[in-house]
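Have a look at the structure below, then the notes.
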Amino acid sequence: MDDALIEKLGILADAAKYDASCASSGAKPRSGGKEGLGSTTGAGICHAYTPDGRCVSLLKILLTNHCLFDCVYCINRRSSNVRRARFTVAEVVELTLGFYKRNCIEGLFLSSGIIRSPDHTMEQMMLVARTLRRDHGFAGYIHLKTIPEASPWLIEQAGLWADRLSINLELPTDHSLKAFAPEKNGGTIKAVMGQVNERIVEAKEERRRFSPAGQSTQLIVGADDATDRSVLETSGTLYQRYGLRRVYYSAFSPIPEASSVLPVKPPPLQRENRLYQADWLLRYYGFTVEEIASGGEGGMLDLGIDPKLAWALKNRERFPVDVNRADREMLLRVPGLGARAVDKILSARRHTRLRMEDLGRLSSGLRRARPFLIAADYHPVGGLTDRLDLRQRLVTPSSQLSLF
Amino acid sequence: MHTITLREGADLDGFRRAVRRLAAARTAPEAVLWSVGAPSLFGDEAPALENGPPVFLPQAVGQLIETVVCHGDPERYALLYRLVWRVLNGERALLDQHADPLVHRLERLDKAVRRDIHKMHAFLRFRALPALDGGERYIAWFEPDHHIVEAVAPFFVERFESMVWTILTPKGSLHWDRHRLMTGPPAERPDSLTDDRFAEGWLRYYESTFNPARVNPTAMRAEMPRKYWANMPETAAIPAMVRSAPARVQAMLEAEAAIPRRRMPEKAVAAMAKQAPDSLAELNRLIQRSEPLVPGATQAVLGEGPEGAAIAIVGEQPGDQEDREGRPFVGPAGQLLTAALEEAGVDRGGLYLTNAVKHFKFVQRGKRRIHQSPTSGEVKHYRWWLMTELGFVRPRLVVALGATAALALSGRPVSVLRERGPMAFDGRNGDGRNGDGWNGFVTVHPSYLLRLPGDEERRRAQAEFVADLRRAAALA
C-alpha cells in the first residue's frame, strides 16, 4: 500500500461518507473456509465508531468521484471543484482484503460516481465483487450501490455477487428530483427497484443467490421542502411495493463546495432521528403513516418528543393500558415500552401478576411509560393522562445543566 | 457446609460436575460455599470431583449457564446454582419470569458477557508480521472484561481459517496455524507491535469517513467506551478530529457557494443513451463476459448465422455437446434439426440459429452431466439478451422450437402442441429496434422427437415437424 493509494483512499472515503445506507446485516451465515477468507454471521459487526457516532462496519468508498451527473445535493456532482480520484478494480480488492484480514471491517460498501457511462461504471463495480468472490473466495459482506441508469443485465450480474443492492432515491418526491438532480429520473430508479425486488423474490423461491440481504435506499432530508409526512409516505410505498429492507434517512449536511441552490442551514439532526423512530413504528409496531403524522403539526414530526409519545398524547382516551391484560398490539403503543420489553411482559405475566417493581426489571423506559400504565399495584390517580402538563413532565430538559 | 473450589476463569466442566454431585445429594444452595482459586485458565485439570448422575435442565438454562460462567463476578456460581435448584424443584419455566430478581440478575450477567464477546469480535485488531515461510502471520492483543477467550475462538477460527494468527490476552491466548487451535496461558501486552502500511491506510480511512458536521462523541463513547481505545490504533486520531470539527463546519458554512465549473450535461445524457451494445459482435462480447444465470455451463453458446437472415430459429438452451463446442445445435437434437431442414428443403446455412438461454444448465451425476430445463425465471433473465440479439438480426420470421423458446419470445406460457403454427411475438423487452415484435411460428423442439417411444409415433411426429418447417419457410 503506497502513498498514492493512501491518498486516494482519503479522497474516495471522504466522498462516500454522506451515504447512510451502510449496514452489514441480513446475509446468510457462511464462511470462506480453508482456501477463502472471511465469514458472515447474519448480524453484522460494527468494528469502530467515528466521533459522529456512526458505526464503521464496511469499507465505504467510491470507485471514483468523477461524475457525469450534476445533482445539487452531492459533493461529487460534475460542477463541484473537489479533488478527483479513481480506484482500479485491483486496488479496491487489495484494500478490502487487507483491512478485512486485520479485522477492521465486515466487508465492502462500494458506490461510485458515473464515469464514461452508467454501464461502464456498473460493470467495474460488478467486477470488484466478482474478483473478490471468485478469485479470492471472499465470504465477507458486499454491498453494491446500483447505478440505476445501467442496463438491466448488469444489475442482474451484480446481484449474483453482492449481499445487498441498493439504489438511492435521495429525494422523496418526483418534483424535487427533477429540480435537484436534472439527469436522474425517478421512474428509472423505481423501475430498477422493481426489477431487483422481482429477482430477489424469484431467487428465494428457486433457492438461488441474488442479493440475499435485500435492497435498501437513502432519502436526503432537509435539502428540499418535503414534509416528514411525505417522506414517510414515500417510505411506506417503498416498503410495501418494492419490499425494501431498509430506508435510510440522511439529514442534509453542509458540504464543502456547496451549491447555491441548497439551503444554507442544515436541518436539525433531531429530524433525522425522529424519522428513524417513525420508520421503526411503521415497520415493527403496526403504526400507519397517517397515525404517525397525526402526532405532529402540519406534516412535521414533533422534534421535542418521540413520535410514539406524540401519538399517545394526542390519543389519551386509549390509555392507561393494563399490562396484565392488554394485547400485544396495544402494549406496543405504550410510550417507553419497546418490542423486547413487551415480549418479556407477555411471557412473564403467564406466571405472575406484574407489579410496578417487576416492570422496572423488564423495561428501562418505565419513567415515560408510567402515566400510560395500569399494573397490579398501580393505577394512575385521577387520570394522570388528562393532566395538561403531561408533555412537559415527560420531556427531558434539552439544555445542559450548569456545573456551577 | 460444602465448599466447592473451581478453576479460575470459566470453569464450565467443574461447575457441571459440582451441580451433578450437589443435586444428587439434594444439597440446598444455602449450604454451598463457592470459591474460585485453583491456578490458571488453561492450566492443569482441577482435581476431579466425584461424579453424580446427569441433571436434566431446559435447553435455555444450559445456554445461560454456558455464558454466565464466563463472567468475572465471583458470585456467578452461587447464583447459577440457585437457579438450577429452583428449576429442579418445580419451577421449570423460571427463565420465562424475567421479572424475578434472580432471573433478572442472571440475565444482566448474561448480557454483559455477550456484550464483551461482541466487543472482542469487533474491536480486536490484527497486525501483520512477516512469517518464516514468506507469508504473513497475524497477531492481536486484547483485554476482555470477562473470561471469554475460549468462547470467542470459534468466531475467529471460522472467519480467519486460512490465516495464521495469535490472539494474546491477560486471561489466556489462542494460536491458530490453519489446522489446529491451541490455547495458551495469559500473556503480557507485547512491547512493540509494528504496523504495516495498511494500519496507516486504515487511519486515513477512519479520519476521512468522519463527518465533522455531525460530531457526537457521546454517541460514539456509548458504543465504543474508552477502555477499548488503547488497543485500537485508529482511536489515536479521535481527539484531533473532535477538536477541529467546529472550525471545519464553520468554514463550510462561511464559504461562498462555489462557482460551478461549466461542464455540460449533454455528455452525460448522450453517454446514457449510447450504452446499449451497437452491434451483434459487441452484444456477443457482453454475453461471453457475463456470468451464467443458470448453474453449470463452461461457456456461453452464441447465436450463429448471417445477420439479416430471413428466418431465426430459437431453441431452448445449449446441451452437453453444445457447451463443449461452444456452438448451437450440434448435438443429437441439432443433427435431427439439420436432417429435418434438409427434408423440408431449407438451407441451414441461410438461417440464424440461437437459443433462448445462452448457457447449459446441468447437474453432475457421476461422469454424466444431466440436462436441466431452465425455470421461467431463468428464461426471463435471458430475455434481454435474446431480444437484443434478434433486434440485430432482424429476421422476417422467428421460429420457436418448443415451450421454453415460445415462453421467452411471447412472454407467456405456451402449450406447443395446441398452439403450434403462426404466432405474433412481442419484442418490447428488447432494445426497441423492433418495437412491434416479430412474426413468429411455434413448433416442437427436436429433442421432443428424440424422446418419443414408438417408431410409428416418432415417424409421424417427424413428418409433422418437417411440414411445420416447410410452412414456416413459406411464411418468411
Next on the checklist: For segment A:152-178, give me each residue that is within 14 Å of chain B (Cβ to nearest Cβ) and open to solvent by 20 Å² or more (accessible area, probe 1.4 Å).
Outcome noted: A:Pro152, A:Leu160, A:Trp161, A:Lys178
Item to check | So A:Met193, is it in the same structural domain as A:Leu95 (by TED's automatic domain parsing) and assigned to a helix (DSSP H, G or I) | outcome: no
Checklist entry - Does at least one position in segment A:204-212 carry a residue that is surrounded by 18 or more Cβ atoms within 10 Å (Cβ to Cβ) and either among the aliphatic types (A, V, I, L, M) or within 16 Å of the chain's Cα centre (by Cα) (or both)? => result no
Next on the checklist: Can you pull out every residue in segment B:192-244 that is facing chain A (nearest Cβ under 7 Å), of a type in the set (A, V, I, L, M) and part of a helix (DSSP H, G or I)?
Outcome noted: B:Ala213, B:Ala219, B:Met220, B:Ile238, B:Met241, B:Val242
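Look at A:Lys34 and say whether it is without any contact (Cβ under 8 Å) to a residue 12 or more places away in the chain, part of a loop (DSSP other than H, G, I, E, B) and more than 23 Å from B:Asn231 (Cβ to Cβ).
Against the criterion (without any contact (Cβ under 8 Å) to a residue 12 or more places away in the chain, part of a loop (DSSP other than H, G, I, E, B) and more than 23 Å from B:Asn231 (Cβ to Cβ)), A:Lys34 qualifies.
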Next on the checklist: Taking the criterion of being within 9 Å of chain B (Cβ to nearest Cβ) and either surrounded by 18 or more Cβ atoms within 10 Å (Cβ to Cβ) or touching a residue at least 24 places away in the same chain (Cβ under 8 Å) (or both), would at least one residue in segment A:84-94 satisfy it?
Outcome noted: no
Item to check | Selection within segment B:291-318 - surrounded by 23 or more Cβ atoms within 10 Å (Cβ to Cβ) and not aliphatic (A, V, I, L, M) | outcome: B:Gly303, B:Gly315, B:Glu316, B:Gln317, B:Pro318
Item to check | Test: B:Glu282 is farther than 16 Å from B:Met387 by Cα, exposed (fewer than 14 other Cβ atoms within 10 Å of the Cβ) and acidic (Asp, Glu) | outcome: no
Checklist outcome for this item: Reported set for segment B:409-421 where residues are touching a residue at least 12 places away in the same chain (Cβ under 8 Å) and open to solvent by 10 Å² or more (accessible area, probe 1.4 Å) is B:Ser410, B:Gly411, B:Pro413, B:Val414, B:Ser415, B:Val416, B:Leu417, B:Glu419, B:Arg420
Item to check | Candidate set from segment A:95-114 (those that are closer than 30 Å to B:Glu266 by Cβ and within 12 Å of chain B (Cβ to nearest Cβ)); member that is surrounded by the fewest Cβ atoms within 10 Å (Cβ to Cβ) | outcome: A:Gly113
Item to check | Elements of type strands (runs of 3 or more DSSP E) contained in segment B:92-191, each with 2 or more residues being under 27 Å from the mean Cα position of the chain (by Cα) | outcome: B:127-130, B:136-141, B:164-169
Item to check | Tally, over segment A:3-19, of residues that are under 23 Å from A:Ala223 (Cβ atoms), more than 8 Å from chain B (Cβ to nearest Cβ) and surrounded by fewer than 22 Cβ atoms within 10 Å (Cβ to Cβ) | outcome: 1
Next on the checklist: With the structure loaded, tell me whether A:Ala129 is away from every other protein chain (no Cβ under 11 Å) and within 30 Å of B:Trp384 (Cα to Cα) or whether it fails that test.
Outcome noted: no
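For (1) without any contact (Cβ under 8 Å) to a residue 24 or more places away in the chain; (2) out of contact with any Asp or Glu (no Cβ under 7 Å at 6 or more places or on another chain); (3) among the aliphatic types (A, V, I, L, M), each residue gets a yes or a no:
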{"residue": "A:Tyr284", "(1), (2), (3)": "no, yes, no"}
{"residue": "A:Glu290", "(1), (2), (3)": "yes, yes, no"}
{"residue": "A:Pro320", "(1), (2), (3)": "no, yes, no"}
{"residue": "A:Ala339", "(1), (2), (3)": "no, yes, yes"}
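From the set of residues in segment A:132-184 that are of a type in the set (S, T, N, Q) and within 22 Å of the chain's Cα centre (by Cα), which is nearest to A:Pro29 (Cα to Cα)?
Start the filter on segment A:132-184 by keeping residues that are of a type in the set (S, T, N, Q), which leaves A:146, A:151, A:157, A:166, A:168, A:173, A:176.
From what is left, the residues that are within 22 Å of the chain's Cα centre (by Cα) are A:146, A:166, A:168, A:173, A:176.
Values: A:Thr146: 24, A:Ser166: 20, A:Asn168: 26, A:Thr173: 37, A:Ser176: 40 Å.
Ranking the qualifying residues of segment A:132-184, first place goes to A:Ser166.
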Checklist entry - Looking at B:Lys358, B:Lys367, B:Lys380, which is the one that is of a type in the set (D, E, K, R), within 25 Å of B:Val294 (Cα to Cα) and crowded, with 24+ Cβ neighbours inside 10 Å? => result B:Lys358
Checklist outcome for this item: Considering segment A:122-151, residues that are of a type in the set (Lys, Arg) and assigned to a helix (DSSP H, G or I), and then whichever is most open to solvent (accessible area, probe 1.4 Å), we arrive at A:Arg134
Checklist outcome for this item: Exactly one of A:Leu37, A:Leu58 is open to solvent by less than 20 Å² (accessible area, probe 1.4 Å), touching a His at 6+ places or on another chain (Cβ under 9 Å) and farther than 30 Å from B:Pro239 by Cβ, and that one is A:Leu37
Checklist entry - Got a sec? Which of B:Glu291, B:Glu342 is in a helix (DSSP H, G or I), charged (D, E, K, R) and assigned by TED's automatic domain parsing to the domain that holds B:His381? => result B:Glu342
Checklist entry - Would you pick out the residues in segment B:392-408 that are open to solvent by 20 Å² or more (accessible area, probe 1.4 Å) and over 40 Å from the mean Cα position of the chain (by Cα)? => result B:Arg394, B:Arg396
Checklist entry - With A:Asp343, A:Asp322, A:Asp302 as the choices, which residue is in contact with a helix residue (DSSP H, G or I) (Cβ under 6 Å, 6 or more places away or on another chain) and of a type in the set (D, E, K, R)? => result A:Asp302
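Are any residues in segment B:319-337 open to solvent by 40 Å² or more (accessible area, probe 1.4 Å) and either at positive phi or assigned to a helix (DSSP H, G or I) (or both), and if so, which ones? Please lay out each step first, then the result.
Within segment B:319-337, the subset open to solvent by 40 Å² or more (accessible area, probe 1.4 Å) is B:320-321, B:324-325, B:327, B:332, B:335.
Those that are open to solvent by 40 Å² or more (accessible area, probe 1.4 Å) and either at positive phi or assigned to a helix (DSSP H, G or I) (or both): B:Asp320, B:Gln321, B:Arg324, B:Glu325, B:Pro332, B:Gln335.
The values are calculated or read from the model by the stated rules, or taken from the named source; none is laboratory data. Computed from a predicted model, the values in this text were never measured in an experiment. Positions of Cβ are generated from backbone atoms using ideal geometry, with glycine treated the same way; all protein chains shown enter the neighbour counts. Accessible surface is based on the protein model in full, side chains and every heavy atom, while ligands, DNA and RNA are left aside. Shrake-Rupley method; radii C 1.70, N 1.55, O 1.52, S 1.80 Å.
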